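> One structure, pasted below without further comment.
None of the figures in this text is laboratory data; all of them are computed from the coordinates on show. Worth saying up front: this structure is predicted, and the values here are computed from it rather than measured. Methodologically, a virtual Cβ is constructed for each residue, glycine included, from the backbone with ideal geometry; neighbour enumeration extends over all protein chains shown.
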Amino acid sequence: MKLFYHLVIILISFLISSNPATADRLKDLTSIAGVRSNQLVGYGIVVGLAGSGDGNSGLTLQSMQSMVSRFGLVTETSGLNGQNTAAVMVTAELPPFVKPGQTLDVTVSTLGKAKSLRGGTLLMTPLLGADGETYAVAQGNMVVGGLGVEGADGSSVIVNIPTVGRVPRGASVERMVENPFLENDNIVLNLHQGDFSTALIVTEAINDIFGPDVAVPLDSTSVKVRAPKDLSQKVAFVSLLENIEVEPASPKAKVIVNARTGTIVIGGNVRVTPAAVTHGSLTVRINESQTVTPTGNTAVNENQVVSTPGDAVVTPETEIGIDQENARAFIFDPGTELSTIVESINAVGSSAADLVAILEALREAGSLRAELIII
């Protein structure tokens, strides 16, 4: 039986390797339902800082008092100094199938007024999951890529972010998260981007290799695959499954517009029906100036002319100039493709804002055969 099973693996591997090189692997298109990471978070303190800690922050002093009380010491917060201590939040990601005793990298971020974590040591910190249970414990020396220097006159130089650091392999896993992968008789593949056509293509590709009715599409996102009951065979089966190569269906026609940055992405399947677009610009220039005219009174007697200066008269003058470029029009023929759209819009010198206005007008006119998404 084992010999037959190995021969099947060799045959399937040959079939997979013979697929076109341009196809995508299932491991790049899908993920297995239930096989996911979990977020962990904890509160702790970092000690050993060179005067860059939180100072006399109440939260930090209480944390220090609680820490030393674990060792049988009784002290008041008034007798503590937090210059070399920082209250921090510790985060980590718990990958699937991680066992107790394995280690994780953790990220440490300041919570109070600490200016830098450089040179600090994270004390033992429980890391909790969403259910409030402890799944790992973190402790270790900080690795900080940032640097902050402050002078006596108040000047300072900050390089990168000195208030965030990492502890490589700083957390030890204490509890394993239960995973339904080993218990379920079926494997559900979830597409990263839901599409009915792609789900059908994936189903047909799996059935072509493993036999009919092995895979069944559930909806536009999920495909259910019947898996071996033997755990060792299930791992080998998934290894073959995720390396099957398929040619996904063409995605929906979309135009993505980032209104904040002006970035516009037009999908390759975007089409427009016959439409005429006119684009022009109007520039108005207004120049304000003032003309000053001196005034005065002149008196003439027998011997001389006497002039008495008066208030100057200020006359405002306004000059308005209007420049209007000739409106330039371009016409989209039936079935116009992406390249023609981009070339036509670039030809009239449109800015990002103009391009958004043109696309929105085409959508309102019913000529844009695509979904317009503004983010």
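> Rounded to two decimals, what is Rg over Rh for the stretch 43-95 when you use alpha-carbon atoms and the Kirkwood radius?
On the way: Rg = 12.2 Å, Rh = 11.7 Å.
That ratio equals 1.04.
> Step through the table entries Lys99/Lys224; Lys234/Lys254; Lys27/Lys252; Lys229/Lys252; Lys27/Lys99; Lys27/Lys115, compare each Cα-Cα distance with 32 Å, and write down the pairs that go over it. Intermediate values should be presented prior to the final figure.
Values: Lys99/Lys224 27 Å; Lys234/Lys254 39 Å; Lys27/Lys252 22 Å; Lys229/Lys252 38 Å; Lys27/Lys99 23 Å; Lys27/Lys115 43 Å.
Cα-Cα > 32 Å for Lys234/Lys254; Lys229/Lys252; Lys27/Lys115; rest within.
> Give me the Kirkwood hydrodynamic radius of the stretch 149-258 in Å, from all C-alpha pairs, to one decimal place? Mind showing how you got there, number by number?
Working: mean 1/r = 0.0542 Å⁻¹.
Computed over Cα pairs of the stretch 149-258, the Kirkwood hydrodynamic radius comes out at 18.5 Å.
> Give me the compactness ratio for the stretch 38-173, meaning the Cα radius of gyration over 2.2 N^0.38 Å. Don't skip to the end; give the middle numbers.
Details: Rg = 15.6 Å, N = 136, 2.2 N^0.38 = 14.2 Å.
Against the compact-globule rule of thumb, the ratio is 1.10.
> With θ set to phi - 60° and the Karplus curve 6.51 cos²θ - 1.76 cosθ + 1.60, what are the ³J(HN,Hα) couplings of the stretch 221-228 in order, to the nearest whole Hz, using x for Gly and Pro?
Here the 3J(HN,Hα) series is 10, 10, 10, 8, 10, 6, 10, x Hz.
> Which whole-number percent gives the relative contact order of the stretch 61-215, counting Cα pairs below 8 Å spaced six or more residues apart? Numbers along the way, then the final one.
Numbers: 241 pairs, mean separation 32.4, N = 155.
Dividing the mean separation by the residue count of the stretch 61-215 yields 21 percent.
> Separate question: With θ set to phi - 60° and the Karplus curve 6.51 cos²θ - 1.76 cosθ + 1.60, what are the ³J(HN,Hα) couplings of the stretch 48-53 in order, to the nearest whole Hz, using x for Gly and Pro?
x, 6, 8, x, 9, x
> Calculated FRET efficiency, Ser66 and Asn179, Cβ-Cβ r, R0 35 Å, to nearest 0.05? Mind dumping the intermediate values first?
Numbers: r = 35 Å, r/R0 = 1.00.
So, using R0 = 35 Å, E works out to roughly 0.50.
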